[in-house]
Every structure is written in C-alpha cells, then in structure tokens.
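The values are calculated or read from the model by the stated rules, or taken from the named source; none is laboratory data. Bear in mind the structure is a predicted one, so any value in this text is a computation, not a measurement. No Cβ is skipped: glycine too gets one built from the backbone with ideal geometry, and neighbour counts run over all protein chains shown.
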Amino acid sequence: MATDDPLPAVLPRPTPRRGYYLLPNLLTTGALFSGFYGIVAAIDQHFAPAGIAVFVAMVFDTLDGRTARATGTESAFGKEYDSLSDMVSFGVAPAIISYQWGVVRIAEYGRAWGRIGWLAAFLYAVCAALRLARFNARSAGADKRYFEGLPSPSAAAIVAAFIWFSSGWHEPGLPGLIAAFGITAAAGLLMVSSFSYPSFKQFDLDRRIRFAYMLIVPLFFVLIALDPPTMLLSMFGIYAASAPLTWIGRRIRRSQRGTAAS
C-alpha cells in the first residue's frame, strides 16, 4: 500500500572546521619578531643587539619546522607564513642592518661610495627574495641532502655576525666599510648561485656515536661563548666558502687530469 510520506531528506555533510596550528606558527611569529627587532635596533644604532636578533630568528626558524614535522602539524599556510617570515628575518633585516651600519659612514668618502653601499644592501635583499622563491618552486623535487645556493639563514648569519663583530669599531675606515658591503653582496650572490651546500637534514640524532664525539658538543658551545661574533662569523664563513672552494678544487683536478692525459 502506497503512502504519501515524503522521502527522508539527505542530511548535508558537515563543513570541515577551518583552523591553524598554534605552536609552529607561534614559533614562526617569534622568528618574524626577532627580524623586526633587528631592523628597529639597527635604526636606533644598536648594532650588536641587531646582529644577535638575527641569530635568535634562526633558532625560532629551526624550531618551527622541526616542531611541525614532529607533531604532524605541517600545513600549506605554515609553509607560506614561514617563507614570508624568512624574507623579513633573513632578507630585509640583514640588508637594513648592513645599510644602517655603513652607508652613512661610507658616504663620507664620496657619493659614489654611498651609492655602492646601498646598492650592495639592496642586492642582498633581492637575492634573498629570489632564493626563497626558487626554493619554494623547486622544493618538491629537490634533493633533500643539499641546498641549491647558500641558504638564506646562513647568508643572514654571515652579515649579522660581521656587523656584530665590527659593532665596536668607532672608525672602521674605508677598508672596513668596503669589507662590510663586500661581504653583504657576496652573501647575496651565493644565495642565488648554483653551488650545492649540504643541508644536514639526513643527520640521524638517534644514531649511536662514540663517547669521544660527545666532547665536541660542549667544546662547540664553549668556543662560541668565548667570543660569539668571531666564532659565528668563522663558522658560517667557512660553510659559505666551502662550496665555491670545492668547485674550484674539482676544476683544478679536472684540468690536471686533462693535461696528464694529453
């Protein structure tokens, strides 16, 4: 017997809740704040705190990605936010810190020197933007063991460590100012280079190691504590120079082999 009861209505599917993960994005905000503080400190002529702020941003930048992966809270929003934070902390901040430290002083030696100074600072900022854009575009299919070009945090560390190291120079002179902007420009160009830098992402922290190697960890921190700007500048400078020197060494060996074969 037919009934006139209406067919049961199809219940709508619940709309997925939209939200963002707090902890990794909070750490990214810490990196962004550190970069912003570095800019403000440089504008106020406090160059040692400005350089330190860049290294604090590096700590936050390392923690946010590792925290997101460890807790399974990676997201497309977090990746974009991290990239924008990196541009401020490792792109704009080092460029402005270098500019504030040296452009006014180097301009005293002539307008041409002043223009070279701010162009070097701008070149660094542009290279950082290009480096981050290239990394985002190629990260899906890239070899995780290596970075193409100097990573922006390492480039920022070189600039920040040099300014921190030289913050006590009341009269750096023209050679010191040229060195500052030369290092800034070189760090920028290395970011957009095709040199391969080890990423150390494959390093296994759970692997058993010899007891003697454990001494390296406290020794590492002791050396940094003795003279932070000098040691940090040396460490990141060696890392930045390693890829070009390796490339030159390979070219020399190939040339020698070709000469021996002929």
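Summary table
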{"quantity": "Whichever residue in segment 67-89 is farther than 19 Å from ASN136 by Cβ and part of a helix (DSSP H, G or I) and, among such residues, is nearest to the chain's Cα centre (by Cα)", "calculated": "THR67"}
{"quantity": "Residue count for segment 149-173, restricted to those that are without any contact (Cβ under 8 Å) to a residue 60 or more places away in the chain and under 8 Å from the mean Cα position of the chain (by Cα)", "calculated": "1"}
{"quantity": "Top-ranked residue of segment 1-54 - restricted to ones that are buried (at least 16 other Cβ atoms within 10 Å of the Cβ), closer than 23 Å to GLU74 by Cα and hydroxyl-bearing (Ser, Thr, Tyr), ranked as modelled with the lowest pLDDT", "calculated": "TYR21"}
{"quantity": "Checking ASP64 against (1) under 24 Å from PHE162 (Cα atoms); (2) within 21 Å of the chain's Cα centre (by Cα); (3) of a type outside the set (Phe, Trp, Tyr); (4) surrounded by 17 or more Cβ atoms within 10 Å (Cβ to Cβ), the condition it does not meet", "calculated": "(1)"}
{"quantity": "Residue count, segment 90-146 (criterion: in a helix (DSSP H, G or I), among the aromatic types (Phe, Trp, Tyr) and either within 14 Å of the chain's Cα centre (by Cα) or more than 22 Å from ILE43 (Cα to Cα) (or both))", "calculated": "3"}
{"quantity": "Subset of segment 224-262 that is assigned to a helix (DSSP H, G or I) and among the polar types (S, T, N, Q) - its residue that is nearest to LEU190 (Cα to Cα)", "calculated": "SER242"}
{"quantity": "Residue within segment 143-155 that is surrounded by fewer than 18 Cβ atoms within 10 Å (Cβ to Cβ) and of a type in the set (Gly, Ala, Ser) present", "calculated": "no"}
